[in-house]
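Below is one structure; the comments refer to it alone.
What follows is calculated from the coordinates using simple rules that are stated; it is not laboratory data. Just so it is clear, the structure is predicted and the values come from calculations on it, not from any experiment. Cβ: placed from backbone, ideal geometry, glycine included. Neighbour counts: every protein chain shown.
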Amino acid sequence: MELTYLWAICLAAFGLGIGSFLNVAVLRLNAEETLLGRSHCMHCKKTLPWFTLIPVLSYIGLGGKCYFCHQPIAAHYALVEAVTAALFFVLAIWFIGDPVRLAVYLIIAALCVAIFLSDCLFYTIPDAFTLPGIVLAVVGQIILGTPWWSWLLGLAIGSGIFALQYAVSRGRWVGSGDIRFGAMMGAVLAWPNILVGLFLAYVLGALVALPLLLRQSKKMQDAMPFGTFLAVATIITLLFGDQIVQWYVYDLLQ
Ligand SMILES: [Zn+2]
């Protein structure tokens, strides 16, 4: 039992580093910078020394300010690192007996965090996250021996529902990035869990949109970054999808 937690803590520490990398990847993909090159402050442009780049700890140690110019650093950097670490910790415990599934889910979860951040900050879902995600999900399902029709049906539903909305609205309701993210989501969740994932995403979206609409701080035509809800729903379904399907099919329908 102690070994399980030791293993999970090691993966969480690894998750801190991955979260830090995701911050940089999202920022640089959207600013069209290369992934290479040293990190620098957004305000004073000075190159940041290594001891200011330790995930979460540096943020707390520097009081959320730049080491040089003391301008505030956005809290979401530390938040993304902490959330990635927490996800890695939970996934490590959940899937300890299934190393292939764990490896696939860790990468998918990291991609979901990156997509959440990118859609939240820049209203984009980069192909650099979704296309490798689709390939990884499909290869993972084949190695895991998931029936081919199950992940293929998931992929078709996940991408189809957004392709339809995209076609009907001529790209006003959803972006084309949502179609590719839907494909990734469908391939990794597979049938029938993709239905759980999509349902959760719409419920989450409604929960966030309704109060905003009622306070009229958002109008109906304002774009909601739906990828953020899809990302959260995908992670919840990876963790609890089987239990939700079991509960729905066996407890509610009998
Ligand atoms: Zn600075």
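Going through region 20-119, which GluC sites (Glu not before Pro) have at most 14 other Cβ atoms within 10 Å and a DSSP loop state?
Numbers: sites: Glu32, Glu33, Glu81; in loops: Glu32, Glu33.
Within region 20-119, the qualifying GluC sites (Glu not before Pro) (loop, at most 14 other Cβ atoms within 10 Å) are Glu32, Glu33.
Using Cα pairs under 8 angstrom and six or more residues apart, how large is the relative contact order of region 124-254, in percent?
Details: 147 pairs, mean separation 33.8, N = 131.
The value is 26 percent.
Quick one: compute the contact order of region 1-94, relative version, from alpha carbon pairs under 8 angstrom and 6+ residues apart, as a percent. Present the calculation step by step, with values, prior to reporting the outcome.
Values: 94 pairs, mean separation 42.3, N = 94.
Relative contact order here is 45 percent.
Can you give the alpha-carbon Rg of the chain over 2.2 N^0.38 Å, where N counts its residues?
Numbers: Rg = 19.3 Å, N = 254, 2.2 N^0.38 = 18.0 Å.
That works out to 1.07 for the chain.
Helix 127-144 against the longest principal axis of the chain: what's the angle in degrees, Cα atoms only, rounded to the nearest 10?
50 degrees
Each residue of region 165-174 in order: what ³J(HN,Hα) in whole Hz does its phi give by Karplus 6.51 cos²θ - 1.76 cosθ + 1.60, θ = phi - 60°, with x for Gly and Pro?
Result, ordered by residue: 5, 5, 5, 5, 8, 6, x, 8, 7, 10 Hz.
Could the peptides 201-210, 8-17 be put in order, highest first, of the mean number of other beta-carbon atoms found within 10 Å of their residues?
On the way: 201-210: 14.4, 8-17: 17.9.
Most protected by this proxy first, the peptides run 8-17, 201-210.
Say R0 is 22 Å: what FRET efficiency, to the nearest 0.05, do Leu153 and Cys120 get from their beta-carbon distance? Present the calculation step by step, with values, prior to reporting the outcome.
Numbers: r = 30 Å, r/R0 = 1.35.
About 0.15, to the nearest 0.05.
Between region 96-134 and region 68-95, how far is it from one alpha carbon centroid to the other, in angstrom?
Region 96-134 and region 68-95 have Cα centres spaced 15 Å from each other.
I'd like the Karplus ³J(HN,Hα) series for region 78-91: coefficients 6.51, -1.76, 1.60, θ = phi - 60°, whole numbers in Hz, and an x wherever there's a Gly or Pro.
These are the phi-based 3J(HN,Hα) values: 5, 5, 4, 5, 5, 5, 4, 4, 5, 4, 4, 4, 5, 4 Hz.
Ignoring the sites themselves, what is the longest stretch of the chain with no trypsin sites (Lys or Arg not before Pro) in a DSSP loop and at most 15 other beta-carbon atoms within 10 Å? Mind dumping the intermediate values first?
Numbers: sites that count: Arg38, Lys45, Lys46, Arg170, Arg172, Arg215, Lys218, Lys219.
My reading of the result: 47-169 is the longest stretch.
Through the Karplus equation 6.51 cos²θ - 1.76 cosθ + 1.60, θ set to phi - 60°, convert the phi angles of region 24-31 into ³J(HN,Hα) values in whole Hz; use x for Gly and Pro.
5, 4, 5, 4, 7, 5, 7, 8
Given the Cα-Cα distance of Phe14 and Leu53 and 0.36 nm per residue of separation, how much length would full extension add, in nm? Display every interim value, and only then the final one.
Numbers: separation 39, 0.36 × 39 = 14.04 nm, distance 1.45 nm.
Extra length from Phe14 to Leu53 when fully extended: 12.6 nm.
Which one, Ala8, Gly197, Ile143, projects farthest toward the positive side of the charge dipole computed for the chain from Cβ point charges (K/R +1, D/E -1)?
Going by the Cα projections, it comes out as Gly197.
Contact order normalised by length for the chain, with contacts defined as Cα pairs under 8 Å and 6 or more residues apart; what percent is it?
17 percent
At 7 Å along Cα-to-Cβ for each site, give me the label-to-label distance between Tyr202 and Tyr250 in nm.
Each label point lies 7 Å from its Cα, and together they span 2.6 nm.
Given charges of +1 on the Cβ of Lys and Arg and -1 on the Cβ of Asp and Glu, with all other atoms neutral, how large is the dipole of the chain about its Cα centre, in debye to the nearest 20? List each step's numbers first, then the result.
Details: 12 positive and 11 negative charges, 160 e Å.
Rounded to the nearest 20 debye, it is 780 debye.
Set the Förster distance to 30 Å, then compute FRET efficiency between Phe240 and Leu3 from the Cβ-Cβ distance, nearest 0.05. Can you show the working numbers first?
Numbers: r = 25 Å, r/R0 = 0.82.
Approximately 0.75, to the nearest 0.05.
Under the rule of at least 5 residues apart or a separate chain, name every residue whose amide H is placed under 5 Å from the amide H of His40.
Leu48
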